[in-house]
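*Asks:* Please read through the structure below; I'll follow up with questions.
The values are calculated or read from the model by the stated rules, or taken from the named source; none is laboratory data. These figures come from a predicted structure and were not determined experimentally. So basically every Cβ, Gly included, is an ideal-geometry build from the backbone, and we count neighbours across all protein chains shown.
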Amino acid sequence: MLVLSSPSGAGKTTIARKILESDDNLAMSVSVTTRPPRPGESDGVDYHFIDAARFSEMAETGDLLEHAHVFDHHYGTPRGPVEAALSAGRDVLFDIDWQGTQQLVEKARKDLVSIFILPPSVDELERRLRARAQDPEDVVQSRMAKASDEMSHYAEYDYIIVNHDVEVSTAKVAGILSAERLRRERQAGLTDFVNTLRKG
Ligand code: 5GP
């Protein structure tokens, strides 16, 4: 389980998209949210867009692996697809905030690797939020105000990447993924393999 978090506008979604394109063994966890879709977002791809009643029902019946209230909307990770991907031997990428990350750490510390993406500067963060040009001005202002809160959680993450350049940052995420997959305890069947080697 690979978690990417960052303040809104730091480039996390672009990095997530690129890393998924380049890695066949990685599945994206598509969250549910009560936030309305932005222009260009599709249901079932970017999010499953649901209403508050359905969200409460999913949270109450344990269908969500974690959930949080972010920017006046509810967000959560559906449990079923994550468990199915993991059982099929695939790794799963999560684009979630610090609250969701804390909940996943409590549930699955050993199986989880977390990366926090920082913007190179506040000016750049604001520029990127405006360049997206999809959110109204009050939403941009509220996300700028919340960026500072979100960034205060950087120390809860395993890795930190300052996103100066999307291609370079994507390569860094790929490097982390590759190294973490090589960890001894994550390599299934290693004992048998080494025993076979030793027997000659
Ligand atoms: P946005 O509305 O810009 O798509 O997302 C707002 C924030 O909610 C981002 O920081 C994103 O990572 C976070 N988020 C998206 N999906 C989930 C989720 O399923 N759980 C949690 N905890 N946060 C999420």
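*Asks:* All but one of (1) modelled with pLDDT under 95; (2) over 20 Å from Ala10 (Cα atoms); (3) within 15 Å of the ligand (Cβ to nearest atom) hold for Leu125; state the number of the condition that does not hold.
*Replies:* Failing condition for Leu125: (2).
*Asks:* Still on this structure, I have one more. Mind checking which residues of the range 104-151 are within 22 Å of Ile176 (Cβ to Cβ) and not in a helix (DSSP H, G or I)? Show your work before the answer.
*Replies:* Going residue by residue through the range 104-151, those that are within 22 Å of Ile176 (Cβ to Cβ) are 104-120, 150-151.
Correct list: Leu112, Val113, Ser114, Ile115, Phe116, Ile117, Leu118, Pro119, Pro120.
*Asks:* Any residue in the range 122-146 that's aliphatic (A, V, I, L, M): show its pairings with residues that are surrounded by 13 or more Cβ atoms within 10 Å (Cβ to Cβ) and not in a helix (DSSP H, G or I) at Cβ separation under 8 Å, as long as the two are six or more apart or on different chains.
*Replies:* Qualifying pairs under 8 Å: Leu125/Pro7; Leu125/Gly9; Leu125/Ala10; Leu125/Pro119; Leu129/Ser8; Leu129/Gly9; Leu129/Asp135; Val139/Phe71.
*Asks:* Here's a follow-up. Would it be correct to say that Glu156 is closer than 27 Å to Leu65 by Cα, touching a Phe, Trp or Tyr at 6+ places or on another chain (Cβ under 8 Å) and exposed (fewer than 14 other Cβ atoms within 10 Å of the Cβ)? Before the answer, list the steps.
*Replies:* Details: closer than 27 Å to Leu65 by Cα: yes; touching a Phe, Trp or Tyr at 6+ places or on another chain (Cβ under 8 Å): yes; exposed (fewer than 14 other Cβ atoms within 10 Å of the Cβ): yes.
Yes, satisfied.
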